[in-house]
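Notes to accompany the following structure.
Each value in this text was obtained by applying a stated rule to the coordinates, not by laboratory testing. Worth saying up front: this structure is predicted, and the values here are computed from it rather than measured. Here the Cβ positions follow ideal geometry from the backbone for every residue, glycine too, while neighbour counts run over all protein chains shown.
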Amino acid sequence: MTTFSNVIILLFIVAVSIPFYRLIKGPTVFDRLLSIGAIGGKAIILILLIGLHFDRISMFVDIALGYAILNFIGGIAMAEYFRLRKEEG
């Protein structure tokens, strides 16, 4: 099980690099906002896989839920900031 979980964790780390590229090269702000959401979603799954790897899934579910709430609130806050900035200028 540990070899399988190690491979899956490494694949998810590679999967996070794809939206990270869009975060760096995104032509618009909205591309960057979407990539941050995608990175956050994949990070939640990665946290849960690490919990599964260490056989402490109940603790890592709580951490993942907290991270999901922060990711959601952060995405809304950034979208609101960019909307207000667009209306001013």
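Going highest first, how would you order 65-72, 36-43 by mean Cβ packing within 10 Å? It would help to have the intermediate numbers written out before the result.
Working: 65-72: 12.9, 36-43: 17.5.
Ranked by mean Cβ neighbours within 10 Å, highest first: 36-43, 65-72.
Per DSSP H run of n ≥ 4, the term is -39500 (n - 2.57); total these for the chain, divide by its residue number, and report the mean residue ellipticity at 222 nm rounded to 500 deg cm²/dmol.
Numbers: 3 runs with 81 residues, N = 89.
My calculation for the chain gives -32500 deg cm²/dmol from helical runs alone.
Go ahead and run the numbers for FRET between T3 and A79, Cβ-Cβ distance against an R0 of 25 Å, rounding to 0.05.
Values: r = 41 Å, r/R0 = 1.63.
Calculated value: 0.05.
Tell me, in nm to one decimal, what length is gained between I45 and F30 on full extension, where the rule is 0.36 nm per residue of separation less the Cα-Cα distance? Provide the component values of the computation, followed by the final result.
Values: separation 15, 0.36 × 15 = 5.40 nm, distance 2.30 nm.
Length gained between I45 and F30: 3.1 nm.
Taking 8 Å as the Cα distance limit and 6 or more residues as the minimum spacing, I'd like the relative contact order of the chain as a percentage. Before the final figure, lay out the partial values.
On the way: 60 pairs, mean separation 22.8, N = 89.
Answer for the chain is 26 percent.
Given [x] -0.25, -0.97; [y] -0.33, -1.00; [z] -0.42, -1.01, which label gives log10 I(q)/I(0) by the Debye sum over Cα atoms at q = 0.10, 0.21 Å⁻¹ as computed from the coordinates?
It is the one labelled [y].
Set the Förster distance to 25 Å, then compute FRET efficiency between F20 and D55 from the Cβ-Cβ distance, nearest 0.05. Display every interim value, and only then the final one.
Values: r = 29 Å, r/R0 = 1.17.
Efficiency, rounded to the nearest 0.05: 0.30.
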